[in-house]
């Protein structure tokens with residue numbers, strides 16, 4: 001797929017997603033009338049109620065699911081299936097237990113028939129960048145949860161994607177480890193100029209990491225609001241967390257999501 005250097009990194013144009021009826025269950029309209037565009041180098045978070053279609057959008061962006069209507073484009077080209085310009089990072093690290101950490105990081109490059117010496121150079125650079133130097137020959141079960149997510153991040157970056165799709169990648173981590181990995185991610189994507197679409201239920205995380213935040217409605221999900229963060233120091237989310245404006249933005253997001261003491265869990 002040949003990408004246009006002038007096109008948005010990723011865009012959704014009139015996208016709708018329906019899941020067909022199965023057995024006694026009725027057809028589900030998961031998302032409707034989705035329109036947004038993300039420029040190269042932007043970090044955009046998507047928030048919304050559980051079940052509103054956030055992960056479905058990422059699946060369509062990755063080419064793992066097809067829109068029922070509309071079109072998803074990456075680098076100006078329609079997404080018709082999995083493509084090498086997009087990489088996915090999930091809450092679960094999905095490291096292969098029989099491979100060393102370095103071998104896990106190199107796996108995507110192996111699939112692309114990248115020579116071994118080049119794969120090794122990439123994994124060494126990224127493992128150092130992700131603070132995992134010295135653990136190249138360890139196996140996943142020898143690492144903590146935070147270290148495994150660092151390895152998963154290195155593996156995601158190894159294939160040099162245009163767009164990183166991240167589905168709650170830090171949600172299973174303790175608060176301190178989570179903030180450290182957010183810091184690592186922010187510095188890495190800023191220095192590499194990567195585009196990120198980030199799903200989270202953590203409103204402070206969304207503000208600390210993002211240029212913009214897209215707010216989705218309940219199912220069938222659609223974009224109901226766009227918040228421009230406009231805080232300094234995007235590569236330094238720990239510094240952003242100290243700014244009074246961050247709390248104000250979190251409060252605005254809570255209002256948009258109708259979160260209060262009487263909110264019900266769905």
**Q.** Answer residue from the stretch 1-31, given it is surrounded by 15 or more Cβ atoms within 10 Å (Cβ to Cβ) and at pLDDT below 85 and is nearest to residue 83 (Cα to Cα) among those
**A.** 3
Q: From 187, 178, grab the single residue that is in a helix (DSSP H, G or I), within 24 Å of residue 51 (Cα to Cα) and modelled with pLDDT of 90 or more.
A: 178
Q: Being in contact with a helix residue (DSSP H, G or I) (Cβ under 8 Å, 6 or more places away or on another chain) and assigned to a loop (DSSP other than H, G, I, E, B) is the filter; apply it to the stretch 42-70 and report the residue that is farthest from residue 27 (Cα to Cα).
A: 48
Q. Do we find that residue 102 is in contact with a strand residue (DSSP E or B) (Cβ under 9 Å, 6 or more places away or on another chain), buried (at least 20 other Cβ atoms within 10 Å of the Cβ) and closer than 14 Å to residue 152 by Cβ in this structure?
A. no
Q) Which condition does residue 99 not pass, out of (1) in contact (Cβ under 8 Å) with a residue 40 or more places away in the chain; (2) assigned to a helix (DSSP H, G or I), if it passes all the others? A) (2)
Q. Taking residue 171 and the conditions (1) within 15 Å of the chain's Cα centre (by Cα); (2) closer than 25 Å to residue 74 by Cα, which numbered condition does it fall short on, given that it satisfies the others?
A. (2)
Q: Select from the stretch 232-259 the residues that are farther than 20 Å from residue 175 by Cβ and touching a residue at least 12 places away in the same chain (Cβ under 8 Å) and write down the one among them that is surrounded by the fewest Cβ atoms within 10 Å (Cβ to Cβ).
A: 245
**Q.** Residues satisfying the stated conditions in the stretch 215-230, i.e. over 30 Å from residue 18 (Cβ atoms) and surrounded by fewer than 19 Cβ atoms within 10 Å (Cβ to Cβ)
**A.** 228, 230
Q | Condition check for residue 170: at pLDDT 95 or above, in contact with a helix residue (DSSP H, G or I) (Cβ under 9 Å, 6 or more places away or on another chain), closer than 30 Å to residue 100 by Cα and buried (at least 18 other Cβ atoms within 10 Å of the Cβ) | A | no
Q. Among the numbered criteria (1) surrounded by fewer than 20 Cβ atoms within 10 Å (Cβ to Cβ); (2) modelled with pLDDT under 95, which single criterion is violated by residue 69?
A. (2)
Q: Go through the stretch 199-220 and give me each residue that's more than 18 Å from residue 233 (Cα to Cα) and in a strand (DSSP E or B).
A: 199, 214, 215, 216
Q | Pick from the stretch 84-96, criterion within 16 Å of the chain's Cα centre (by Cα) and part of a loop (DSSP other than H, G, I, E, B), ranking: surrounded by the most Cβ atoms within 10 Å (Cβ to Cβ) | A | 93
Q.
Looking at the stretch 108-123 only, could you name the residues that are part of a helix (DSSP H, G or I), surrounded by fewer than 18 Cβ atoms within 10 Å (Cβ to Cβ), in contact (Cβ under 8 Å) with a residue 12 or more places away in the chain and within 23 Å of the chain's Cα centre (by Cα)?
A. none
(Q) residue 149 - would you say it is in a loop (DSSP other than H, G, I, E, B) and either in contact with a strand residue (DSSP E or B) (Cβ under 9 Å, 6 or more places away or on another chain) or in contact (Cβ under 8 Å) with a residue 60 or more places away in the chain (or both)? (A) no
Q. For the stretch 152-175, what are the residues that are within 14 Å of residue 89 (Cβ to Cβ), outside any loop (DSSP other than H, G, I, E, B) and free of Cβ contacts under 8 Å to residues at least 60 places away in the same chain?
A. 154, 158
Q | Residues within the stretch 124-138 that are free of Cβ contacts under 8 Å to residues at least 40 places away in the same chain and outside any loop (DSSP other than H, G, I, E, B), tallied | A | 5
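The values are calculated or read from the model by the stated rules, or taken from the named source; none is laboratory data. Small disclaimer: the values here were computed from a predicted structure and weren't measured. Counting neighbours? That spans all protein chains shown, and the Cβs are built from the backbone with ideal geometry, glycine included.
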